[in-house]
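Participant: Here's a structure for you.
The values are calculated or read from the model by the stated rules, or taken from the named source; none is laboratory data. Not measured: the values here are computed from a predicted model. Here Cβ is always computed from backbone atoms with ideal geometry, including for glycine, and neighbour counts include all displayed protein chains. To get the accessible areas, we keep the full protein, side chains included, count just its heavy atoms, and leave off ligands, DNA and RNA. Shrake-Rupley method; radii C 1.70, N 1.55, O 1.52, S 1.80 Å.
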Amino acid sequence: MSIRSHDRQTHDTQQTGAALPPMRAIQAFEAIVRCGSVAAAADELGVSSGAISQQLRKIERELGTRLLERDGRSLTLTSWGRMYYEQVRTAFNELRRAQHRLQIARAKQGIVLSAPPPLALWLQRLLLEWSSNHGAVNLRLIGSEREPVLQDEGIDFRICYGADARRYERFSELFGDAVVPVCSPEFLRRHPVENAADILECSLIEILWDSRHRPPPTWADWAWSAGLAPPRQPARLTFSLASAAIDAAQDGGGFVLGQISMIAEHVHRGRLVVPIDRRLSLPESYFLAWERGTLERQRCADFRNSLIAAGRRQQDLARSALPSHRA
């Protein structure tokens, strides 16, 4: 179907007499109300005040009703004008948003990825590897717990957790994670453990997530999985950010149930140790989200494929044993 025939068909389905006033007249009316005066609207649109007043008279004539009442030197919306403006304002805001998105898309040269800050270490090696193989493409990582509006903020991809993925137009599961008890080597030397019960007697660090998420496994959950009673003492430290809790464990603060995606590199480098590899899965998975049209750029499609492949590898790691250490 051609554009011309589609427009004619759409018009035929509308009510008789639904022809629009001239676009310049609608634009002038919207600018008058938004800017607060004829003079301010004229300045914004780059025309004379007389031209704006002429367009106002034209739209009122076309619609057959008065939209603005003059009260001295000020203008006030009539009841019909207020109703009409609410719809016109929405339409113009959408037009401005479309132009803003187009300008961002045309100006963009690289790839922008948004992710929760605790996943930065997991992404670091992947981004370095991908960048070395695609030197002409700039990568930018934004660490944020807030879920962004992708196109409006110039973001190509978002890594999110659980139900947050449903905020986006397109998404795919990235990986499911698990938690395991970890501490610093020095802490383990000072507090040697032989079994799960010994860990529960040590200083524990707890993580409490944002209430919009299903909570991660707690120390009470971990004790139950080992057939033990919950810890007798509450956690000495509680953090809302997993990365802060892991940092506290590295500094000798005690044991934390660290996500494997966040602690695997620390374990590999000897900054954290896993005396007993008893793990619990997170209740939900991580997802990779993007907007329609993102994958039309080949470099974005390639980057997405790399992230999905890395997610599969992380999924395998969450199911395999970590290096174990006993004091």
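Participant: If Ala318 satisfies all but one of (1) open to solvent by less than 20 Å² (accessible area, probe 1.4 Å); (2) part of a strand (DSSP E or B), what's the number of the condition it fails?
Facilitator: (2)
Participant: Let me confirm something: among Ser144, Ser132, which residue is more than 30 Å from Ala245 (Cβ to Cβ), free of Cβ contacts under 8 Å to residues at least 40 places away in the same chain and among the polar types (S, T, N, Q)?
Facilitator: Ser132
Participant: Still on this structure, I have one more. Quick check on Gly176: is it closer than 17 Å to Ser261 by Cα, within 12 Å of the chain's Cα centre (by Cα), small (Gly, Ala, Ser) and open to solvent by 10 Å² or more (accessible area, probe 1.4 Å)? Walk me through it before giving the result.
Facilitator: Working: closer than 17 Å to Ser261 by Cα: yes; within 12 Å of the chain's Cα centre (by Cα): no; small (Gly, Ala, Ser): yes; open to solvent by 10 Å² or more (accessible area, probe 1.4 Å): yes.
In short, no.
Participant: Of the conditions (1) surrounded by 11 or more Cβ atoms within 10 Å (Cβ to Cβ); (2) at pLDDT 90 or above; (3) over 34 Å from the mean Cα position of the chain (by Cα), Leu75 clears all except one; give me its number.
Facilitator: Here Leu75 clears every test but (2).
Participant: So, one more: Look through Glu186, Glu147, Glu153 and report the one residue that is at pLDDT 95 or above and acidic (Asp, Glu).
Facilitator: When all the criteria are applied, what remains is Glu186.
Participant: Quick check on Ile104: is it open to solvent by 70 Å² or more (accessible area, probe 1.4 Å), closer than 28 Å to Gln151 by Cα and modelled with pLDDT under 75?
Facilitator: So Ile104 fails the test.
Participant: Does Pro234 qualify as being open to solvent by 60 Å² or more (accessible area, probe 1.4 Å) and either in a helix (DSSP H, G or I) or more than 30 Å from Gln151 (Cα to Cα) (or both)? Even if it seems obvious, please write down each step before you answer.
Facilitator: Details: open to solvent by 60 Å² or more (accessible area, probe 1.4 Å): yes; either in a helix (DSSP H, G or I) or more than 30 Å from Gln151 (Cα to Cα) (or both): yes.
When the stated conditions are applied, Pro234 passes them.
Participant: While we're here: For the stretch 274-281, check the following and say yes or no: at least one residue is modelled with pLDDT under 90 and either part of a helix (DSSP H, G or I) or touching an Asp or Glu at 6+ places or on another chain (Cβ under 7 Å) (or both).
Facilitator: No, that holds for no residue.
Participant: Filter the stretch 30-54 down to the residues that are within 21 Å of Ala91 (Cα to Cα), of a type outside the set (A, V, I, L, M) and in a helix (DSSP H, G or I) and list them by number.
Facilitator: Glu30, Arg34, Cys35, Glu44
Participant: Mind listing just one residue for me: the one in the stretch 138-169 that is aliphatic (A, V, I, L, M), in a loop (DSSP other than H, G, I, E, B) and open to solvent by less than 20 Å² (accessible area, probe 1.4 Å) and, of those, farthest from Arg97 (Cα to Cα)?
Facilitator: Going through the qualifying residues, I end up with Ile155.
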